[in-house]
Amino acid sequence: YGAIIGQIKDASDGTEDGNIGFWGRGSGTLWKAAEVERWRLKAPYTSLYPNWLATTSASNSATLSLEGYMSGVYEIFDVFIENLMPVSNDVYCLLRLGSGGTYTTSGYGYYNVHAGTRTSDSAQTDGRANANGSAWVVSGQSEMNVGNETDEGFTAHIRLFNTRNNNFLTGGEVIGGAYYSVDNYMCSPYISALRLGSTTQFTDVRVYFSSGNIDSGSIHLFGYYMG
């Protein structure tokens with residue numbers, strides 16, 4: 001009816017890694033309720049808590065994708081973009097949703113406003129709207145494009161709604177973020193709303209730049225259990 005199991009993750013000499021899994025039986029099936037991985041507790045079915053699902057990192061990569069994780073018991077998802085550095089200079093960051101490795105390339109309606117300051121300048125805005133875009137722009141554009149110097153790059157926190165409910169359109173927002181732009185603006189999005197004109201159930205998320213590869217950085221996916 002229940003078990004605590006030690007799990008080998010890496011048996012290599014000198015780099016050994018192991019997890020401790022906590023299992024319990026429900027409706028005749030044994031489920032992993034939680035596990036301890038190094039210094040963190042992962043609890044897949046913790047209600048109203050951002051449960052870490054997956055992470056991937058770039059190394060001169062065209063895109064960063066996490067596929068198959070937006071499923072199961074979770075209803076709201078958070079994507080954390082961490083220090084994404086482009087290879088090319090003067091670009092912007094985009095996000096697409098998909099299912100089974102196929103990504104939707106139409107129907108992204110969004111509106112963004114990014115504020116930024118540069119030396120003594122007043123606040124700047126960068127608004128974009130597109131009723132049928134091929135992806136959701138999640139960073140600033142134009143003077144607030146992302147640069148590829150070591151003090152630039154892009155970091156943000158994005159929330160997605162109704163990705164698994166085919167009765168409602170998928171929506172999203174950029175909750176927050178901060179980055180140093182190619183034109184020396186310190187930028188932060190303060191309005192960024194998505195309406196994806198599809199009731200498809202999405203399982204995958206992908207981010208990439210408008211031109212060139214991603215030199216370094218990571219994306220992390222968290223899910224909220226609403227049961």
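Where strands (runs of 3 or more DSSP E) fall entirely within the range 8-87, those with at least 3 residues that are within 25 Å of G98 (Cα to Cα) are at 51-57, 64-67, 74-86. Any residue at all in the range 166-186 that is among the polar types (S, T, N, Q), touching a residue at least 60 places away in the same chain (Cβ under 8 Å) and buried (at least 18 other Cβ atoms within 10 Å of the Cβ)? Within the range 166-186, one or more residues are among the polar types (S, T, N, Q), touching a residue at least 60 places away in the same chain (Cβ under 8 Å) and buried (at least 18 other Cβ atoms within 10 Å of the Cβ). Here T200 passes the criteria (1) in a loop (DSSP other than H, G, I, E, B); (2) closer than 16 Å to N145 by Cβ except the one numbered (2). Taken over the range 113-133, the criterion of being closer than 11 Å to I191 by Cβ and surrounded by 14 or more Cβ atoms within 10 Å (Cβ to Cβ) is satisfied by V113, H114, A115, D126, R128.
Scan the range 178-187 and give yes if some residue there is in contact with a strand residue (DSSP E or B) (Cβ under 8 Å, 6 or more places away or on another chain) and of a type in the set (D, E, K, R), otherwise no. No, the range 178-187 contains no residue that is in contact with a strand residue (DSSP E or B) (Cβ under 8 Å, 6 or more places away or on another chain) and of a type in the set (D, E, K, R). Against the numbered list (1) touching a strand residue (DSSP E or B) at 6+ places or on another chain (Cβ under 6 Å); (2) hydroxyl-bearing (S, T, Y); (3) surrounded by fewer than 17 Cβ atoms within 10 Å (Cβ to Cβ), T150 comes up short only at (1).
The residues in the range 88-112 that are surrounded by fewer than 17 Cβ atoms within 10 Å (Cβ to Cβ) and among the hydrophobic types (A, V, I, L, M, F, W, C) can be counted, and the count is 0. In the range 188-202, is there at least one residue being within 13 Å of the chain's Cα centre (by Cα) and open to solvent by 10 Å² or more (accessible area, probe 1.4 Å)? Scanning the range 188-202, I find no residue that is within 13 Å of the chain's Cα centre (by Cα) and open to solvent by 10 Å² or more (accessible area, probe 1.4 Å), so the answer is no.
The values are calculated or read from the model by the stated rules, or taken from the named source; none is laboratory data. Treat the numbers as computed from the prediction; the structure is a model and nothing was measured. No Cβ is skipped: glycine too gets one built from the backbone with ideal geometry, and neighbour counts run over all protein chains shown. What goes into the accessible areas is simple: the full protein's heavy atoms, side chains included, and nothing from ligands, DNA or RNA. Shrake-Rupley method; radii C 1.70, N 1.55, O 1.52, S 1.80 Å.
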